[in-house]
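**Q** Mind having a look at this structure? Questions to follow.
Each value in this text was obtained by applying a stated rule to the coordinates, not by laboratory testing. Predicted model only: the values in this text are computed from it and were never measured. Reconstructed Cβ throughout: ideal geometry from the backbone, glycine too, with neighbour counts over all protein chains shown.
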């Protein structure tokens, strides 16, 4: 039967081509997309759920400092990358009690809400501002809750040592128009966490640098406990420290709802 | 004392004492607050009537103390916010309980008793199903937004049924605060020399909200049985009498993502029960209200929001026929558009905001530009203006002699 023969030979040649391609790079190495996918998984999806107390220090070029102290709760929903985030602000006193919720959908725009305690208002907010600053810091919303692997195209530049760790160096170029032209990441080959990222503008100048300042194992999961994002154009930087990190604590999905935006879940907020 | 009038207050007192007995030692108590100065300069050159502060109608210094806490398990929580106000313009010292409530939480419900702010609906500074008291004097003088909302003395029960929530509110009546003629120039058809006799309803108000998610949309249905929060005025030869006629409302709202932005829809029916056929010119006729709004990001740190709003007067013929001569006749359909533009600079320490109400049918406008700068986490300053223009018979134009510029400075601790 003619069609069948054709498809068998098609599969055969595809197989040969794949063999040739993979052996040409290194049979043991994952492809670049997988490296990034693993890195996003390690950085944003570790554990089924997570609790962390986060201190953000926003420091301007003159050294003047503002602080944001918050509790972050996160839960993974299913295996398709769906997530829920809940953030409660402890300080500064003017925003204390403000809560923020994201329903992250990998295949469509996220849903986001904010609760403003002074007027007891829950407001849905537009989710098109992934690259906008998160509460005035150098981290964007996307830096906090993650991006999608196929938002960018990825190229492996090299494998090397960085700060005593074996890393992949990967260049990523966003497919859509955004505030950076390309991004270079140093990704730990064993732990998959990004140790450094440089963001370049269209003139090839570095605009932002991310560094993982302290990486520790928490309950078996490698976790970036301290990180910095520095804006090289303004000299402003944000240093973030994670404390009280816990994984697999059994957060219920219904915690990520308007009810708890208005009435923060006390057992997790303390 | 009327046994019904005290429902909300007495239940709250009972709740607080029950909790005090139960939870003799409170586990947490946090104190915070702020001091704030707010001054307003009239920017139109007008002759003010006697008794109206003309050049500097507002000059307030305010301290707010906030106390909040709860028990170890989180089942009981409380919050109190008390303002001490030095009103320099009117040479007055006052205190005000902004909020004072106790919460009792279980897995299935929450009860909140006491003075509490409740905000419902999907509009941005346009209210349909938010039937709770407001302070319009604070709003037109550029006070921070939280002062637009007045607390309700209420018991509120939230029942959680899966992803659906039913909220039930019983509250004592609290009238809106309208612009005060000691600080605003208000055109009134009634002689200023006639004494005012204002009556407030004794019976409580009831409000219901059923809300949940429909896929990615927030949906809610509302109903209320209460009173108009602005008075209906009627003059006799010797007195101007103000009453608050009965009002029932029914409405829905929807809010969800459309084309990278947020679309808000809200509608409601205002049933003016005491004026069933619309023939009483002192009372509001029944109305249907509709609002459509859309907000989205138009650049980094830049947001724009637009809204279209309509109030459709029912029984318009009856209104026309009974309106006394000499009164400006309102339109059958009042339409308003709003625009909001917000831009952040300098790591969100500098906020430039513009909000404009455009009275389409009444040919008037109200524009509120403002700039806020946060010097630190504790200290911010805002400069802004309230600019009212257009037809003097319009809702905004009627306040046209009150254009002002304001400055607010707040130190939070």
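**Q** Using per-residue counts of other Cβ atoms within 10 Å, averaged over each peptide, order B:290-296, B:109-115 from highest down.
**A** Ranked by mean Cβ neighbours within 10 Å, highest first: B:109-115, B:290-296.
**Q** Ok, one more. Would you kindly state how much longer the chain becomes between residue B:82 and residue B:193 on full extension, computed as 0.36 nm times their sequence separation minus their alpha carbon distance, in nm to one decimal?
**A** That pair, residue B:82 and residue B:193, stretches by 36.4 nm at full extension.
**Q** Where the eigenvalues come from the Cα gyration tensor of region A:45-171, what are the semi-axes √(5λ) of the equivalent ellipsoid, largest first, in whole Å?
**A** 28, 21, 14
**Q** Which of the three applies to region B:51-157, rounded, prolate or oblate, going by the alpha-carbon gyration tensor with a ≥ b ≥ c and a/c under 1.5 meaning rounded?
**A** oblate
**Q** State log₁₀ I(q)/I(0) for region B:170-254 at q = 0.13, 0.18 Å⁻¹ as given by the Debye formula over alpha-carbon point scatterers of equal weight, solvent excluded.
**A** With no solvent term, the Cα-only Debye profile gives -0.60, -0.87.
**Q** With everything on Cα atoms, drop me the angle between helix A:2-25 and the longest principal axis of chain A, reported from 0 to 90° to the nearest 10.
**A** Its long axis makes an angle of about 70 degrees.
**Q** Explain nothing, just the number: relative contact order of region A:93-170, from Cα pairs under 8 Å at least 6 residues apart, as a whole percent.
**A** 15 percent
**Q** Further question on the same structure: When the Cα atoms of region A:186-251 are enclosed in a convex hull and the volume is divided per residue, what value in Å³ results?
**A** Convex hull volume per residue, Cα atoms: 113 Å³.
**Q** R0 = 60 Å: FRET efficiency of residue B:288 with residue A:29, Cβ-based, nearest 0.05?
**A** 0.35
**Q** Residue A:232 to residue A:254: FRET efficiency via 1/(1 + (r/R0)^6), r the Cβ-Cβ distance, R0 56 Å, to the nearest 0.05?
**A** That pair, residue A:232 with residue A:254, gives E of 0.85.
**Q** Which whole-angstrom value gives the distance between the alpha carbon centres of region A:191-270 and region B:169-192?
**A** A separation of 50 Å, based on Cα centres.
**Q** Expressed as a rounded percentage, what relative contact order does chain B have, with Cα pairs under 8 Å and six or more residues apart?
**A** The normalised contact order for chain B reaches 12 percent.
**Q** Calculated FRET efficiency, residue B:345 and residue B:63, Cβ-Cβ r, R0 25 Å, to nearest 0.05?
**A** Once the sixth-power term is evaluated, E becomes 0.25.
**Q** Averaging the inverse of every distinct alpha carbon separation and then flipping it gives the Kirkwood radius. What is it for chain A, in angstrom units?
**A** Roughly 20.4 Å, rounded to one decimal.
**Q** How long are the semi-axes of the equivalent ellipsoid of region B:269-413, defined as square roots of 5 times the Cα gyration tensor eigenvalues? Whole Å, largest first.
**A** 38, 17, 14
**Q** At residue B:237 and residue B:250, where each label point lies 7 Å from the Cα along Cα→Cβ, what is the point-to-point distance in nanometres?
**A** 4.5 nm
**Q** How far is helix A:32-44 tilted off the main Cα axis of chain A, in degrees rounded to 10, range 0 to 90?
**A** 20 degrees
**Q** May I ask you to compute the full-extension gain from residue B:208 to residue B:321, defined as 0.36 nm times their residue separation minus their alpha-carbon distance, rounded to one decimal in nm?
**A** My answer for the length gained is 37.1 nm.
**Q** Hey, for a label at residue B:260 modelled as a point 7 Å past Cα toward Cβ, could you say which residues of region A:180-195 have their backbone N under 19 Å away?
**A** Answer for this model: A:180-182.
**Q** Find the Rg to Rh ratio for the protein assembly as shown, where Rh is the Kirkwood radius over alpha-carbon pairs and Rg uses the same atoms. Can you show the working numbers first?
**A** Numbers: Rg = 29.0 Å, Rh = 28.2 Å.
My calculation of the ratio gives 1.03.
**Q** What is the gain in length, in nm to one decimal, between residue A:61 and residue A:160 on full extension, counting 0.36 nm per residue of separation less the C-alpha to C-alpha distance?
**A** Gain on extension, residue A:61 to residue A:160, equals 32.4 nm.
**Q** Please list, in order, the residues from region B:126-147 whose amide nitrogen is less than 16 Å from a point placed 7 Å along the Cα→Cβ vector of residue B:385.
**A** Within reach of a label on residue B:385: B:141-142.
**Q** List the residues of region B:367-393 whose backbone N lies under 20 Å from a point placed 7 Å from the Cα of residue A:119 along the Cα-to-Cβ direction.
**A** In region B:367-393, the label zone of residue A:119 (backbone N under 20 Å from the point 7 Å along Cα→Cβ) covers B:367-374, B:380-388.
**Q** When all alpha-carbon pairs of chain B are counted, what percent fall beyond 26 Å?
**A** 61 percent
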